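The values are calculated or read from the model by the stated rules, or taken from the named source; none is laboratory data. What you see is a predicted model, and the numbers here were worked out from it, not measured in a lab. A quick note on method: Cβ atoms are made from the backbone with ideal geometry, for glycine too, and the neighbour counts reach across all protein chains shown. SASA here: full protein model, heavy atoms, side chains in, ligands and nucleic acids out. Shrake-Rupley method; radii C 1.70, N 1.55, O 1.52, S 1.80 Å.
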Amino acid sequence: MSGQPGRGARLQLESEERPGSHGSYGLRPADVARLAIAGLAGKPVRAMLSALGVALGVATMVAVLGISASSRAQLVAEIDALGTNMLTARPSPSLGAQNATLPAAAPAMAARMGPVISVGAVGNVTASIYRNDHIPAANTEAVSVAAASPSLLGTVEGHLYRGRFLNSATSRFPAVVLGSDAASALGIDQAGTQAWLGGRWFAVVGIMQPLPLAPELDRAALVGFAQATRLSGQPVLPTELYVRTDPQSTSAVGSVLAATVDPASPQDVQVANPADALAARADASSALQGLFLALGSVALAVGGIGIANVMVIAVLERRSEIGLRRALGARRAHIGIQFLAESSLLALTGGTGGAILGGFATTVFAAARHWDARVPLPALQLAVGSALAVGAAAGIYPALRAARFSPAEGLRTA
């Protein structure tokens, strides 16, 4: 390198000669910032690549926290919209029988309870449904057939994509309503068509939208109980009840629902609140959040190591500048502060860019899922603060190494 003063040295000299400056006793924050920018500007590509490592780590952390917050907010909004006042009652899994049922009077018994608003019943039907009568019997597309009461859709707060739901009239005739996944599997997207069910043609009168509180019905074909009895050749008993209650009485109803629907064997009835499953899903996403945060932290640490490596190389390349500044009166602390500021500035630049990138990724992902994007401000502050801390830690060794250079040692390399 030439023996002419570098830009950093000129800035230091100007600081010492400027009236009212701290002279050789200290550097003003503005001068430190200018020295750091000047030092990094000499190798812009290298500086950008070093900051990129930190940016990727911060972007991962911000995106994980933002997507998790957006998902949780969506689930909370979904639970609030659907309500937590719906209960389900089904035969206990401890019975060990796939064809376990509830008593025939169970829906009527549950509906007699004062706080109960509505009751929907579902029963299993041994039949298969196909798009037409030319499809091999083995190709069921995993679509189940079930009996459903006309009140089911209203009880589960469901909505129709096409057509209408079963009513007291269509329940007695060969009419079927398809769940959203069932309709997709069968290749049916319009009401008014026909499907081959149980060896005869059924009119598809409706297609449901996804049911968040009853996802097991999304891949089901629903017929009336009267038609289910004809298909099975025997009365079809309910296998599950959906019970919508007064919001203030949900717990009270849940405590007596098993004994009400099956007084003879209440221990064989399992009562649950589907909203709890949505809350558990939110908790599961929080558990995965920790894993991805750990991955982001590793990426951030790797970025910090990259900054440390770049700063060590910078110290070796700028020995003549360091020696000249020391010869002009700069103290060891001044040299160390400059290189520490450069590494911190690198990390801060990468952290800020990563926070913007992570927020953008969260917004795009949330928009694709039709969510409201949520990027918590504390998450941004934590991510940028972590990046700054990593950058400062990465610059400690290079700064100490630069500060140890004597004026004569630095000038010998000029």
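Laid out as a table, the results:
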item: Label point distance in nm, residue 256-residue 234, each placed 7 Å from Cα along Cα→Cβ; result: 3.4 nm
item: The chain: calculated mean residue ellipticity at 222 nm from DSSP helix runs of at least 4, using -39500 (n - 2.57); result: -18000 deg cm²/dmol
item: Answer label, with Kirkwood radius over Cα pairs in Å calculated from the coordinates and candidates (1) 24.9; (2) 26.7; (3) 21.3; result: (2)
item: Among 237, 256, 226 - extreme Cα towards positive end, dipole of segment 175-284, charges at beta-carbon; result: 226
item: Among 180, 118, 137 the positive-end extreme of the charge dipole of segment 101-214 (Cβ point charges); result: 118
item: FRET efficiency estimate (nearest 0.05) - Cβ-Cβ, residue 356 to residue 316, R0 30 angstrom; result: 0.35
item: Total charge dipole magnitude, the chain, about the Cα centre, Cβ charges on Lys, Arg, Asp, Glu only, Debye to nearest 20; result: 1680 debye
item: Per residue accessible area of segment 158-278, 1.4 Å probe, in Å²; result: 43 Å²
item: Point-charge dipole on Cβ atoms (K/R +1, D/E -1) for segment 213-282, about Cα centre, debye to 20; result: 200 debye
item: Helix axis angle, 44-82 relative to the chain longest principal axis, alpha carbon, degrees; result: 30 degrees
item: With Cα atoms, 0 to 90° folded angle of helix 274-317 axis to the chain main axis; result: 20 degrees
item: Cα-based helix-to-principal-axis angle, 377-403 vs the chain, degrees rounded to 10; result: 30 degrees
item: Surface share of carbon and sulfur [accessible, 1.4 angstrom probe, percent] for segment 153-306; result: 58 percent
item: Estimated distance in nm for a label pair at residue 400 and residue 276, the labels positioned 7 Å out from Cα along Cα-to-Cβ; result: 5.6 nm
item: Rounded FRET efficiency, nearest 0.05, which uses the C-beta distance separating residue 382 from residue 142 and R0 of 45 Å; result: 0.50
